[in-house]
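First comes the structure, then the notes that go with it.
Read-outs throughout are calculated quantities, based only on the coordinates presented, and are distinct from any laboratory measurement. Just so it is clear, the model here is predicted, and its values are computed rather than measured. Quick reminder, even Gly has a Cβ in these numbers, built from the backbone with ideal geometry, and neighbours come from all protein chains shown.
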Amino acid sequence: MRRSEFERAVAAEFGPRASALMSDLVLPTLGDRTAREALDAGIPPREIWLALCEETDVPLDRRYGAGRLDPKRR
């Protein structure tokens, strides 16, 4: 997962709360960092996404493939 995919996934899943969750929610599985701190520390976006999903009880069917753009049609 690229950072841009991560950012799209967070915005799509959490809507207006996305920014607050990124800055305020402490994720124990990432060393008690927020998502923003984890990104700054170089933790892979996919790992952060899964930690956010786990902490906020996002259903499994919405965790995988999130943030990807639809392929371009020819």
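Entry remark, the range 1-49: residues being surrounded by 17 or more Cβ atoms within 10 Å (Cβ to Cβ), out of contact with any Phe, Trp or Tyr (no Cβ under 9 Å at 6 or more places or on another chain), of a type outside the set (D, E) and part of a helix (DSSP H, G or I) number 4 in total. Give me the residue from the range 50-63 that is outside any helix (DSSP H, G or I) and within 11 Å of the chain's Cα centre (by Cα) and, out of that set, surrounded by the fewest Cβ atoms within 10 Å (Cβ to Cβ). Once the filter is applied, the top-ranked residue is R63.
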